[in-house]
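Undergrad: Can you read through this structure? Questions will come right after.
The values are calculated or read from the model by the stated rules, or taken from the named source; none is laboratory data. Model, not experiment: these values are computed from the prediction. Ideal geometry is used to build each Cβ from the backbone, glycine not excepted, and the neighbour counts take in all protein chains shown. Heavy atoms of the whole protein, side chains included, go into the accessibility calculation; ligands, DNA and RNA do not. Shrake-Rupley method; radii C 1.70, N 1.55, O 1.52, S 1.80 Å.
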Amino acid sequence: MAGRLDGRIAIVTGAGSVGPGWGNGRATCVRFAEEGARILAVDLKPETMEETLRLVRDASGEVEPHLCDVTDRAAVEDMVAACVERFGGVDILVNNVGGSAKGGPTDMDEETWDRQIDFNLKSVYLTCRSVLPHMAEQGRGSIVNTSSTSGLRYTGAAQAAYASSKAAVIQFSRVTAVEFAPKGVRVNTVVPGQLHTPLVETRLAGQRMGGDVQALLDSRLKRIPLGWMGDGRDTANAALFLASDEARFITGTEIVVDGGMSVRCD
């Protein structure tokens, strides 16, 4: 079914990508555009969004780039105001900013811990804080927050701050969903697993496998019962469903996109 987001205005944070391929934000922008949404594509660096913007326009989508540090309250408020001014409102918010840092509680410094909490959790709080009044006033809206299977279980690396912040995103979404349900606003979470995204190629392999991308991919693939690895398009399709009217009776819940990894016993 095409046109599931016809006439909708969507803010997608983390819309860029650190390299070629299908990151979650890039794929979400393209899928939403294919379904008729007008998009404010948000990222911190303009060069990361160039390919995203091209792909959206190739799909005949309407997109406006916007640079924003989503850990900065004033910048986030300006972002939402820019969306309202450019498109006339905001119907959908997809929170896709996030990233991991290695380390447990004894070997992670306090500064890294604070940055992780701000990056993965405070960003969600600030964007929701600014968007929710607009959605509540118009009596409708859908927020899709991005967590991680690291917020559900141990996934093979000591990432205490990342896991903690991503678990908190899930609970933040649930609590917010209950509060704003009477106002017509739905809040749900997509929980991606170990996907093959540009982030794997550019950062994670260096953190964990000394730059050996194939070794990292092989180690991740062994954890996936389906036997193959998804990418950002799988996250985007889940976000699309939750943002659309097909999910009109769904709020305060999660869709796990991990090929069965998080339900394994070993």
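Undergrad: Take each uninterrupted DSSP H stretch in the chain, measure its Cα extent along the helix axis, and return the ones at 24 Å or beyond whose mean Kyte-Doolittle hydropathy is at least -0.5.
TA: Sorted by number, the helices that extend far enough and score high enough are 160-180.
Undergrad: In Å², what does the accessible area per residue of the chain work out to with a 1.4 Å probe?
TA: Accessible surface, normalised per residue, equals 45 Å².
Undergrad: Which chymotrypsin sites (Phe, Trp or Tyr not before Pro) does region 126-230 hold that lie in a coil by DSSP with at most 15 other beta carbons within 10 Å?
TA: TYR154, TRP228
Undergrad: So what's the net charge close to ARG38: Lys and Arg +1, Asp and Glu -1, counting the other residues with Cβ under 9 Å from its Cβ?
TA: 0
Undergrad: Given the -39500 (n - 2.57) contribution per DSSP H run of 4+ residues, what per-residue ellipticity at 222 nm results for the chain, rounded to the nearest 500 deg cm²/dmol?
TA: That comes out to -12000 deg cm²/dmol.
Undergrad: Find out how many positive minus negative residues lie around PRO65, taking Lys and Arg as positive, Asp and Glu as negative, among other residues whose Cβ is under 10 Å from that of PRO65.
TA: -3
Undergrad: May I pose another question? Quick one: plug the Kirkwood hydrodynamic radius of the chain (C-alpha pairs) into Stokes-Einstein at 37 °C, 0.692 mPa s, and report D in µm²/s.
TA: 178
Undergrad: To continue, here is another question. With a 1.4 Å probe and all protein chains in place, put LEU132, LEU44, LEU221 in order of accessible area, largest first.
TA: LEU44, LEU221, LEU132
Undergrad: Something else now. Test of the criteria: in region 233-266, which trypsin sites (Lys or Arg not before Pro) are in a DSSP loop and have at most 16 other Cβ atoms within 10 angstrom of their Cβ?
TA: For trypsin sites (Lys or Arg not before Pro) across region 233-266 that sit outside H, G, I, E and B with at most 16 neighbouring Cβ atoms in 10 Å, the list reads ARG248, ARG264.
Undergrad: How much length is gained on full extension from ASP107 to VAL178, taking 0.36 nm per residue of separation minus their Cα-Cα distance?
TA: Here the segment from ASP107 to VAL178 would lengthen by 21.9 nm.
Undergrad: With a 1.4 Å probe and every protein chain kept in, tell me what percent of the accessible surface of the chain is carbon plus sulfur.
TA: In the chain, the share of accessible area belonging to carbon and sulfur is 52 percent.
Undergrad: Additional query: Loop-only check: which trypsin sites (Lys or Arg not before Pro) in region 1-90 are DSSP coil with at most 16 other Cβ within 10 angstrom?
TA: Those that pass, being in a loop and sparsely packed, number zero.
Undergrad: Scaled to the compact-protein estimate 2.2 N^0.38 Å, what is the alpha-carbon radius of gyration of region 61-183, rounded to two decimal places?
TA: Cα Rg divided by the expected 2.2 N^0.38 Å: 1.15.
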